[in-house]
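Undergrad: I am attaching a structure below and will ask some questions about it afterwards.
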Amino acid sequence: MSTVFVSIANGGSAGSVLRTGLVGRLLAAQESVEVVLISPLVNDPAFVREFEHRRVRFEDLPPHRPAGLEARLMALLQSAYIASGVTESVRIRRAEAAAKKSIRWIGVKRLLARALAPSVARKETRYALVDRLVSHPDAEALFDKYRPALLVTSSPGLIFAEVPLLRTAVRRGVRSMAVDPSWDNFTNKLLPVRRVNRLIVWNDLMKQQAVDLHGYQPDEVRVAGAPQWDVYFRSTGASRDAFFTDLGADPSRKLITLSTTPRELYSHHDHVVRVLIRAMREGAWACPVQLLVRLHPRDDMSAYAEFNREPHVFIEKPFRTTRVISGDGLSVDMTAENQQHLADTMRHSDVVVNVASTLAVEAAIVDTPVVNISFDGEQPSEWVRSVRRYYRFTHYVNVTRHNAARVAETPEQLVEYIGRYLADPSLDREGRRRVAAEQCQFFDGRSASRVAAFVVSELADVTDLSIPSNTCAASLASSR
């Protein structure tokens, strides 16, 4: 058998990588292909039932936190990266770390790295030393058990649970691929991404960031589009009436959707809800409206209990709850139904309100106006702790520079901008079109097929398998 390890670190990865048909395409490539799903979700019976197959095996992916020598080397690596100020986001993150005192002696550690371990300060070799000196017995045993030909992960080393697999692949000389799930991983994290043999990204912008900032060669990066967004192009979803009926809402009213973020990043969404409810009560807008509050997986329903009986206000956290907790501390899974519901929400909302979220792109795909929140709670915070800093992040500038969303710096502006969009949804349409084109790159709903084709092609290359031409040729051709 030719064995492929597919690592799914959490429910979000299951939605953006696994439920795009990747496993089915691998199994269809050749009868001699076996897939090992490595995930904490294998402890959830519903997940196992969904992916059961005679050539699919299931292995747990335990949490991992660097310790000992690994932690010390990673601290040098991280400090060298943060001190480099490689992007505006990284410079802001350094200021955040200094304010919180969460990472100390950044400059000193960078000097130590340059003097004692210069490879960790160079983008092409950042992880080479720690990979050489640190091993993981459990991951080594897993590689011994299955002898994989290829490792596919759902992040380029930014999810700690996947690091032992990626490091063991390097030590064993096993080909590795990463399907990058997010638009900010290359510019916005406190750690640099790892090098893998093949990196799959959404668009040419991300490909250039991988090359310029993280030492990739252009031929090591594949552009596929965002597979989790295929639903926007391949399905019309529920009708407006059906969507509103399911929500318990009134189809005759306009819908404002507030999507929240993790509370550690912005803890004032309850304040924003009060602002919007007050505007509804006072008739601030020329038409009747209703409010949907869509909670982030890291947000807490109890924080919005005071609004449960508020007329025309709906609060939801639309994810499947699992029986296991992933390494990121979450017990949610993003199913195909959840993804369709999100697409329906973006399509049938009249205005979407959020804090510098990826949902600004998803709303742009379906031409739904977006208003961004750029004010804090009842009192403003210092800049390094304020929501205002998010609008200087390198990845999000690719929304604001196109004038694709209005950024509200006060509650009054939030109400005003929502009113403008309710009165004229065509405002800023051209900016939304540019953002959708730049971030999606493909509008054919075949991004998942391209991802699968790239993986199958890589497997064929590493194993010399004879893959039927119709398995990957069409998808690869459509990506050129």
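Undergrad: Of the residues LEU27, LEU41, LEU116, only one is touching a His at 6+ places or on another chain (Cβ under 7 Å) and either among the hydrophobic types (A, V, I, L, M, F, W, C) or at pLDDT 95 or above (or both); which?
TA: LEU27 is the lone residue from the list that is touching a His at 6+ places or on another chain (Cβ under 7 Å) and either among the hydrophobic types (A, V, I, L, M, F, W, C) or at pLDDT 95 or above (or both).
Undergrad: Inside the range 177-208, can you point out the residues that are over 24 Å from ILE82 (Cβ atoms), of a type in the set (A, V, I, L, M, F, W, C) and assigned to a helix (DSSP H, G or I)?
TA: The first filter runs over the range 177-208 and keeps only residues over 24 Å from ILE82 (Cβ atoms), leaving 177, 179, 197-198, 200, 202-204.
Okay, now just the ones that are also of a type in the set (A, V, I, L, M, F, W, C), so 177, 179, 200, 202.
Within the range 177-208, none qualify.
Undergrad: Here is a further query. Among (1) touching a Pro at 6+ places or on another chain (Cβ under 7 Å); (2) assigned to a loop (DSSP other than H, G, I, E, B); (3) open to solvent by 10 Å² or more (accessible area, probe 1.4 Å), which single condition is VAL211 missing?
TA: It fails just one condition, (2).
Undergrad: Take the range 23-51 and flag every residue that is in contact with a Pro (Cβ under 9 Å, 6 or more places away or on another chain) and surrounded by 24 or more Cβ atoms within 10 Å (Cβ to Cβ).
TA: ALA29, PRO40
Undergrad: Right, next: Can you name the condition, by its number, that ASP344 falls short on among (1) within 21 Å of the chain's Cα centre (by Cα); (2) touching a residue at least 60 places away in the same chain (Cβ under 8 Å); (3) in a loop (DSSP other than H, G, I, E, B)?
TA: Of (1) within 21 Å of the chain's Cα centre (by Cα); (2) touching a residue at least 60 places away in the same chain (Cβ under 8 Å); (3) in a loop (DSSP other than H, G, I, E, B), only one is false for ASP344: (3).
Undergrad: Determine whether the range 265-280 contains at least one residue that is among the basic types (Lys, Arg) and either in a loop (DSSP other than H, G, I, E, B) or open to solvent by less than 40 Å² (accessible area, probe 1.4 Å) (or both).
TA: no
Undergrad: Select from the range 401-454 the residues that are open to solvent by 60 Å² or more (accessible area, probe 1.4 Å) and of a type in the set (Lys, Arg) and write down the one among them that is nearest to VAL152 (Cα to Cα).
TA: Result: ARG446.
Undergrad: On to the next question. Go through the range 184-208 residue by residue and tally those that are buried (at least 21 other Cβ atoms within 10 Å of the Cβ) and either under 15 Å from VAL17 (Cβ atoms) or among the acidic types (Asp, Glu) (or both).
TA: Total satisfying the criteria: 7.
Undergrad: If GLU458 satisfies all but one of (1) open to solvent by less than 30 Å² (accessible area, probe 1.4 Å); (2) without any contact (Cβ under 8 Å) to a residue 12 or more places away in the chain, what's the number of the condition it fails?
TA: (2)
Undergrad: Then there is this: Residues to consider are ALA9, ALA14; find the one that is among the small types (Gly, Ala, Ser) and either assigned to a loop (DSSP other than H, G, I, E, B) or more than 23 Å from ALA149 (Cα to Cα) (or both). Can you show your working first?
TA: Values: ALA14 fails: either assigned to a loop (DSSP other than H, G, I, E, B) or more than 23 Å from ALA149 (Cα to Cα) (or both).
One residue alone meets the criteria, ALA9.
Undergrad: Also, quick follow-up: For VAL86, work out the one condition from (1) open to solvent by 40 Å² or more (accessible area, probe 1.4 Å); (2) in a helix (DSSP H, G or I) it doesn't fulfil.
TA: For VAL86, the exception is condition (2).
Undergrad: Right, something else. Being open to solvent by less than 10 Å² (accessible area, probe 1.4 Å) and either free of Cβ contacts under 8 Å to residues at least 40 places away in the same chain or within 15 Å of GLU59 (Cβ to Cβ) (or both) is the filter here; which residues of the range 142-153 pass it?
TA: Across the range 142-153, the qualifying residues are PHE143, LEU151, VAL152, THR153.
Undergrad: The conditions are (1) open to solvent by 10 Å² or more (accessible area, probe 1.4 Å); (2) not in a helix (DSSP H, G or I), and VAL371 fails exactly one of them. Which is it?
TA: The failed condition is (1).
Undergrad: Which residue out of ARG94, ARG132, ARG72 is surrounded by 15 or more Cβ atoms within 10 Å (Cβ to Cβ) and assigned to a helix (DSSP H, G or I)?
TA: ARG94
The values are calculated or read from the model by the stated rules, or taken from the named source; none is laboratory data. All figures in this text were calculated on a predicted structure; none of them were measured in a lab. Here the Cβ is made from the backbone with ideal geometry for all residues, glycine too, and neighbour counts use every protein chain on show. With ligands, DNA and RNA removed, areas are computed over all heavy atoms of the protein, side chains included. Shrake-Rupley method; radii C 1.70, N 1.55, O 1.52, S 1.80 Å.
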